[in-house]
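Here the structure comes first, spelled out in structure tokens, and everything after it is commentary.
The values are calculated or read from the model by the stated rules, or taken from the named source; none is laboratory data. All figures in this text were calculated on a predicted structure; none of them were measured in a lab. Here the Cβ positions follow ideal geometry from the backbone for every residue, glycine too, while neighbour counts run over all protein chains shown. Just the protein is used for accessible areas: all its heavy atoms, side chains included, with ligands, DNA and RNA removed. Shrake-Rupley method; radii C 1.70, N 1.55, O 1.52, S 1.80 Å.
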Amino acid sequence: MSHLHVTLIDVGWGDSLLLEVSQAGSPRPRFALIDSNDNADRDYWPAYNFLRKHFGLRDIDTTKPFFDFVMLTHDHSDHGSGLKRIMKEYGTRNFWYPRVKVEDSVVVANLQAYANHPSVNIHHQAVDSNTELGKFGDANMDILWPFPNQIDNNPNNNSIVLSLTLNGMSILLTGDAEGKVWQQIGGQIPPNIVAFKVPHHGSKNGTIHNNTFPWVEPLDAAATRAHLGISCHPTFPNRFNFPDRDVIARFEQSHFEYCRTDMHYHITYVVDENGFKVRYSH
Amino acid sequence: MNKLTIPVQIDSIKEMEDFQRTRCLYYRVELEDGYVFRKTRYLLSSSAFFAAGVSWAALAGPVLLDGVEHELFLTADLITRTITSLNGNEKLSLDMGYLWVPNSMFQKAAPGVSIRAGDVYRLSLPYFRYCYRFTMGKIPDEDWLNPRKRFREPIHPSPQETEAFRQWRLEQIAISHRRFHHESYARFRLAKKEVTK
């Protein structure tokens, strides 16, 4: 039975997404990971602990190299902290990241150093919208952003925007790409989109640009009604006000259904032969 | 260096009206399966001990490499040797953590100097701990921004380490570039799309 699961792991501040997809002719699904934020002592490694519990509960064989790919959407430590530990624990066939400026390569350079280590030797490269990622199990993958040879001064705007499609349904994963990016690629949002990870934790910058909503409007007009997933934690002791109230108000104005990790904990999008559904803890 | 300080690299500078703080990255060394500390020169205890499940911000300096003591990160070569050594150690794991520092502290440390991504600053151990506790949610915003406790030399810029890390990052990009373009890597390279967007 073909299936695609995309789980927004509740990591508080930051993002971490576990991807699982079926592979025709194989009983074993394939897995990938996008971003990680395991900043803290070991009591708090949310992504790492989620993975251990998740695979343990399902008794999944995690022999290395376990992941088909690990992706860092952009060079910020709330998306890359702990990624090294996860790659070390599980192994990965590929590690992908966007092109970065030297001064902004604080996270990428460290992960490259690890991937290049003779005892590790992970295949890695920068990817962009001109890169053919091929298939991930039964699902098709496509990078919408960044465009080749474009590096923004704001690392958020170099975020890899990734589309996954199975059974004619697409899920769009957006990193922290801000409104400036969506003004350029909003028109490329797949018409058959069923789920959309809200960029930049629901911040104003991720959704509003020059008083427009460059990704909300295409979703409003899409053939399918996309579910919105927000990876955020505004009730964290130090309030960062994500998601922004004006952003939520706009979602509600358009009657979008949405989930947010601070309220719903881990959020899983499921695409299979029965269609699309959303699962969350509470 | 007589005083223990911890190097941090600027990761992301936030300059919103009510959110003037900078996320700074530090190196975190972790061990899971247990490690016996025999060399106690840099530890408080005089006895060797076994530690498991420990995560700590290391690489504060000085470090012993090949029997020679070095103040860490003053050259790209030292960074390479330290990180390569740790990356190849099965018992230890080197990862990255981050903490928040108020933008005002950078201004106090170096008035008139703009902070940039990738710059290295050194935090005193008490101040590092203070910012770490704030990042973990143990200190309220107001107390963190205006600490009642007075820190002695909490933060200072480290221009030599800034340049060393810049060189090191350039080297990582160059190594990755050479590796990617080597003919032996051809079969691992992802193809380009036939139609360019």
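Data for the structure
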{"read-out": "Filter pass, A:Pro155 being within 8 Å of another protein chain (Cβ to nearest Cβ) and within 20 Å of A:Ile230 (Cα to Cα)", "value": "yes"}
{"read-out": "All positions within segment B:64-92 that are open to solvent by less than 10 Å² (accessible area, probe 1.4 Å) and at the interface with another protein chain (Cβ under 10 Å from one of its Cβ atoms)", "value": "B:Ile79, B:Ile83"}
{"read-out": "Residues of segment A:137-150 that turn out to be more than 12 Å from every other protein chain (Cβ to nearest Cβ) and touching a residue at least 40 places away in the same chain (Cβ under 8 Å), as a count", "value": "3"}
{"read-out": "Exclusive hit being among the aromatic types (Phe, Trp, Tyr) and either within 30 Å of B:Arg133 (Cα to Cα) or in contact with a Cys (Cβ under 9 Å, 6 or more places away or on another chain) (or both), set A:Phe276, A:Phe213, A:Phe242, A:Phe251", "value": "A:Phe242"}
{"read-out": "Count of segment A:207-221 residues which are closer than 15 Å to A:Gln188 by Cα, of a type outside the set (D, E, K, R) and over 21 Å from the mean Cα position of the chain (by Cα)", "value": "1"}
{"read-out": "Residue ID - most open to solvent (accessible area, probe 1.4 Å), chosen from residues in segment A:112-149 that are in contact with a helix residue (DSSP H, G or I) (Cβ under 6 Å, 6 or more places away or on another chain) and assigned to a helix (DSSP H, G or I)", "value": "A:Asn116"}
{"read-out": "Any chance B:Ile139 is closer than 30 Å to A:Val11 by Cβ and more than 9 Å from chain A (Cβ to nearest Cβ)", "value": "no"}
{"read-out": "Every residue from segment A:166-196 that is in a helix (DSSP H, G or I) and open to solvent by less than 10 Å² (accessible area, probe 1.4 Å)", "value": "A:Gly179, A:Val181, A:Trp182, A:Ile185, A:Gly186"}
{"read-out": "Residue match in segment A:197-213 (condition: in contact with a helix residue (DSSP H, G or I) (Cβ under 6 Å, 6 or more places away or on another chain), at pLDDT 95 or above and not in a helix (DSSP H, G or I))", "value": "no"}
{"read-out": "Where B:Arg129 falls short, out of the listed (1) part of a helix (DSSP H, G or I); (2) in contact with a strand residue (DSSP E or B) (Cβ under 6 Å, 6 or more places away or on another chain); (3) within 26 Å of A:Asn241 (Cα to Cα)", "value": "(2)"}
{"read-out": "Residues of segment B:154-168 that turn out to be within 12 Å of another protein chain (Cβ to nearest Cβ) and more than 18 Å from A:Pro118 (Cα to Cα), as a count", "value": "5"}
{"read-out": "Residues located in segment A:81-136, provided they are over 28 Å from B:Cys24 (Cβ atoms), facing another protein chain (nearest Cβ under 7 Å), touching a Phe, Trp or Tyr at 6+ places or on another chain (Cβ under 9 Å) and small (Gly, Ala, Ser)", "value": "A:Ser129"}
{"read-out": "Hits in segment B:139-163 - residues which are surrounded by 15 or more Cβ atoms within 10 Å (Cβ to Cβ), in a loop (DSSP other than H, G, I, E, B) and either among the hydroxyl-bearing types (Ser, Thr, Tyr) or out of contact with any helix residue (DSSP H, G or I) (no Cβ under 8 Å at 6 or more places or on another chain) (or both)", "value": "B:Ser158"}
{"read-out": "Test: residue in segment B:103-111 that is assigned to a helix (DSSP H, G or I), away from every other protein chain (no Cβ under 13 Å) and touching a His at 6+ places or on another chain (Cβ under 9 Å)", "value": "yes"}
{"read-out": "Filter result (assigned to a helix (DSSP H, G or I), of a type in the set (A, V, I, L, M, F, W, C) and facing chain A (nearest Cβ under 10 Å)) within segment B:175-197", "value": "B:Ile175, B:Phe180, B:Phe188"}
{"read-out": "Test: residue in segment A:49-62 that is under 22 Å from B:Ile79 (Cα atoms), open to solvent by 10 Å² or more (accessible area, probe 1.4 Å), within 12 Å of chain B (Cβ to nearest Cβ) and not aromatic (Phe, Trp, Tyr)", "value": "no"}
{"read-out": "B:Ile115 being within 24 Å of A:His76 (Cα to Cα), open to solvent by less than 10 Å² (accessible area, probe 1.4 Å) and touching a helix residue (DSSP H, G or I) at 6+ places or on another chain (Cβ under 8 Å)", "value": "no"}
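One line per residue, one yes/no per condition, for (1) under 30 Å from B:Val101 (Cβ atoms); (2) among the hydroxyl-bearing types (Ser, Thr, Tyr); (3) in contact with a Lys or Arg (Cβ under 7 Å, 6 or more places away or on another chain); (4) touching a residue at least 24 places away in the same chain (Cβ under 8 Å):
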| residue | (1), (2), (3), (4) |
| --- | --- |
| A:Asp176 | yes, no, no, yes |
| A:Phe196 | no, no, no, yes |
| A:Pro199 | yes, no, no, yes |
| A:Gly206 | yes, no, no, yes |
| A:Thr212 | no, yes, no, yes |
| A:Ala223 | no, no, no, yes |
| A:Ala226 | no, no, no, yes |
| A:Phe242 | yes, no, no, yes |
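Each row is one residue, and each column tells you yes or no for (1) in a loop (DSSP other than H, G, I, E, B); (2) out of contact with any strand residue (DSSP E or B) (no Cβ under 6 Å at 6 or more places or on another chain); (3) without any contact (Cβ under 8 Å) to a residue 60 or more places away in the chain.
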site: A:Ala32; (1), (2), (3): no, no, no
site: A:Val70; (1), (2), (3): no, no, yes
site: A:Lys84; (1), (2), (3): no, no, yes
site: A:Val107; (1), (2), (3): no, yes, yes
